[in-house]
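The structure appears below as structure tokens.
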Amino acid sequence: MAVVVALVAATDLYLVTRPEAPATLTARDVQAMTAKQLDERAAADAARPSDATVAYQAIQPSLVLITTQQPADSAAGRGAGQGTGAGVIVNADGTVLTALHVVEGATTIKVTYADGTSSDATVATARPESDIATLAPADLPETVVPAVLGGGVVVGAPVFAVGHPLGLTDSLSAGVVSALGRSVRVEGGRTLKDLIQVDAAVNPGNSGGPLLNRAGQVVGIVTGLANPSDESSFIGIGFAVPIATAGGAAGGPPQ
């Protein structure tokens with residue numbers, strides 16, 4: 001009889017301490033959980049900066065505005081005037097990489113840094129065959145932030161052009177690499193070869209500015225735009241010199 005009592009007592013103890021079974025999930029519960037997860041993911045995506053924002057923030061301290069005083073050219077029917085373009089600091093010594101046609105023939109060159117200070121500059125090197133030049137500023141900003149040079153790009157890769165189109169300073173446009181290895185004839189009868197073709201909008205004032213990958217690394221220097229008309233406006237095709245070519249003018253290693 002004692003054995004039976006012990007068994008009953010043990011059974012009673014088990015029934016008291018046994019954990020409750022989980023509630024059965026309904027279709028409504030599953031839908032609510034899925035909606036919550038989607039909302040959390042959307043909130044995280046919204047808080048994450050876009051590729052364009054990352055690229056712009058990375059290059060902004062290294063971007064410069066270039067203004068030049070151009071002499072009159074009677075042969076071309078052009079009077080004296082001011083030109084604008086973009087450039088990017090690529091060395092700790094303040095060397096600025098830009099397009100040669102931005103500064104070619106200028107009587108004076110001034111660079112304005114991201115902190116608002118400015119300096120006179122002179123052409124240090126010029127490579128007409130690739131439309132690339134480097135500038136040596138007389139004075140540097142308080143903090144020099146060289147841009148990071150990237151590697152090669154592939155067709156379809158997202159790219160960002162940053163410059164001062166039509167006087168609108170520090171502007172970014174986005175697009176993709178449309179083609180590689182393009183050759184384009186430019187003023188003076190020169191042919192620029194092995195260019196990157198992009199559909200990111202570029203206009204006068206973008207010349208000399210950096211073409212960036214999504215990490216904000218410089219993968220090219222904007223050199224011009226294609227336009228069958230006499231107007232210098234963007235119609236969907238821009239060109240940049242690959243950084244493997246442009247970087248060599250600044251003493252950088254091959255990319």
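The values are calculated or read from the model by the stated rules, or taken from the named source; none is laboratory data. This is a predicted model, so every value here is computed, not measured. Heads up, the Cβs are rebuilt from the backbone with ideal geometry, glycines too, and the neighbour counts pull from every protein chain shown. The accessibility values were calculated without ligands, DNA or RNA, using every heavy atom of the protein model including side chains. Shrake-Rupley method; radii C 1.70, N 1.55, O 1.52, S 1.80 Å.
Per residue, what volume in Å³ does the convex hull of the Cα atoms of the range 157-248 enclose?
Numbers: hull volume 8.7 nm³, N = 92.
Once divided by residue count, the hull of the range 157-248 is 95 Å³.
Sorted by accessible area with a 1.4 angstrom probe, largest first, how do Val155, Val123, Val102 fall? Before the final figure, lay out each step's value.
Details: Val155 90, Val123 65, Val102 10 Å².
Ranked from most to least accessible, the order is Val155, Val123, Val102.
Can you list the GluC sites (Glu not before Pro) in the range 112-198 that are in a DSSP coil and have 13 or fewer other beta carbons within 10 angstrom?
On the way: sites: Glu129, Glu142, Glu187; in loops: Glu142, Glu187.
Counting only loop positions with at most 13 other Cβ atoms within 10 Å, the GluC sites (Glu not before Pro) in the range 112-198 are Glu142, Glu187.
How large is the accessible surface per residue of the range 157-248, computed with a 1.4 Å probe and reported in Å² as a whole number?
On the way: 3790 Å² over 92 residues.
That works out to 41 Å² for each residue.
Leaving out ligands, DNA and RNA but keeping every protein chain, what accessible area does Arg190 have, in Å² rounded to the nearest 10, with a 1.4 Å probe?
Surface open to solvent at Arg190 totals about 60 Å².
From the Cα trace of the range 57-137, what convex hull volume per residue do you get, rounded to a whole Å³?
On the way: hull volume 7.8 nm³, N = 81.
Hull volume normalised by residue count: 96 Å³.
Counting only protein heavy atoms and using a 1.4 Å probe, what share of the accessible area of the range 46-139 belongs to carbon plus sulfur, as a whole percent? Spell out each step's value before the answer.
Working: 2210 of 4360 Å².
Answer for the range 46-139: carbon and sulfur cover 51 percent of the accessible area.
Just to check I understand the Karplus step: with θ = phi - 60° and J = 6.51 cos²θ - 1.76 cosθ + 1.60, what whole-Hz values come out for the range 237-248, glycine and proline as x?
10, x, 9, 9, 7, x, 5, 4, 8, 5, x, x
Taking the alpha-carbon centroid of each part, what is the distance from the range 37-65 to the range 189-219 in angstrom?
The distance from the Cα centre of the range 37-65 to that of the range 189-219 comes to 22 Å.
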